[in-house]
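The values are calculated or read from the model by the stated rules, or taken from the named source; none is laboratory data. None of these values were measured; they are calculated from a predicted model. Neighbour counts run over all protein chains shown; Cβ positions are idealised from the backbone, glycine included. Side chains are part of the model used for accessible areas, which takes the heavy atoms of the whole protein and leaves out ligands, DNA and RNA. Shrake-Rupley method; radii C 1.70, N 1.55, O 1.52, S 1.80 Å.
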Amino acid sequence: MQDFPFSDEELKTPVELVIQKVRPTLHLDGGDISVLGIKDARVYVRLEGACNGCASSANTLKYAIENRLKEEIHPDIMLVNIPHNEPNPFQLR
């Protein structure tokens with residue numbers, strides 16, 4: 001992403017801190033989230049447990065997680081969900 005003020009490497013720790021803040025809420029419903037990688041201000045994740053395939057998962061990603069990343073890190077950061085039936089793009093390298 002052009003003009004984004006942080007490198008992918010610089011985003012790792014703040015992203016992980018935000019994920020740790022929302023993780024207990026996911027655990028309450030039997031779910032979890034894995035960060036697969038960060039590339040060009042996009043955070044690639046995979047929902048786990050009960051969150052995988054849940055009808056509310058899109059809302060969870062958008063309103064609980066992506067909005068928190070935007071508020072706490074940068075408004076241009078994006079969250080990309082990689083479903084379980086798709087390969088992890090960071091393992092293909």
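Taking the residues in the range 27-43 that are touching a Lys or Arg at 6+ places or on another chain (Cβ under 8 Å) and without any contact (Cβ under 8 Å) to a residue 24 or more places away in the chain as candidates, determine which candidate is farthest from residue 59 (Cα to Cα).
So the first thing to find is which residues in the range 27-43 are touching a Lys or Arg at 6+ places or on another chain (Cβ under 8 Å), and the list is 32-34, 36, 38.
From what is left, the residues that are without any contact (Cβ under 8 Å) to a residue 24 or more places away in the chain are 32, 34.
Values: 32: 14, 34: 17 Å.
It comes out as 34.
So that you can scan it fast, the table gives a plain yes or no per residue for (1) at pLDDT 90 or above; (2) small (Gly, Ala, Ser); (3) closer than 13 Å to residue 80 by Cα:
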{"site": "38", "(1), (2), (3)": "yes, no, yes"}
{"site": "43", "(1), (2), (3)": "yes, no, yes"}
{"site": "51", "(1), (2), (3)": "no, no, no"}
{"site": "55", "(1), (2), (3)": "no, yes, no"}
(request) Output the residues belonging to the range 54-66 that are open to solvent by 50 Å² or more (accessible area, probe 1.4 Å), in a helix (DSSP H, G or I) and either of a type outside the set (Lys, Arg) or in contact with a Gly (Cβ under 7 Å, 6 or more places away or on another chain) (or both). (result) 58, 59, 63
(request) Among the residues of the range 1-34, write down those that are hydrophobic (A, V, I, L, M, F, W, C) and open to solvent by 50 Å² or more (accessible area, probe 1.4 Å). (result) 1, 6, 17, 28
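Give the residues of the range 67-90 that are over 20 Å from residue 7 (Cβ atoms) and in a helix (DSSP H, G or I), sorted by residue number.
In the first step, residues of the range 67-90 are kept if they are over 20 Å from residue 7 (Cβ atoms); the result is 67-68, 71, 81-88.
The answer is 67, 68, 71.
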(request) Name the one entry in 50, 41 that is in contact with a strand residue (DSSP E or B) (Cβ under 7 Å, 6 or more places away or on another chain), open to solvent by less than 60 Å² (accessible area, probe 1.4 Å) and closer than 16 Å to residue 5 by Cβ. (result) 41
(message) What pairs come out if I take residues in the range 67-82 that are under 17 Å from residue 10 (Cα atoms) and pair them with residues that are open to solvent by 60 Å² or more (accessible area, probe 1.4 Å) and assigned to a strand (DSSP E or B) whose C-beta lies under 7 Å away, six or more apart or interchain?
(response) 78/42
(message) Quick check on the range 78-93: of everything there that is more than 10 Å from the chain's Cα centre (by Cα) and not polar (S, T, N, Q), which residue is most open to solvent (accessible area, probe 1.4 Å)?
(response) 93
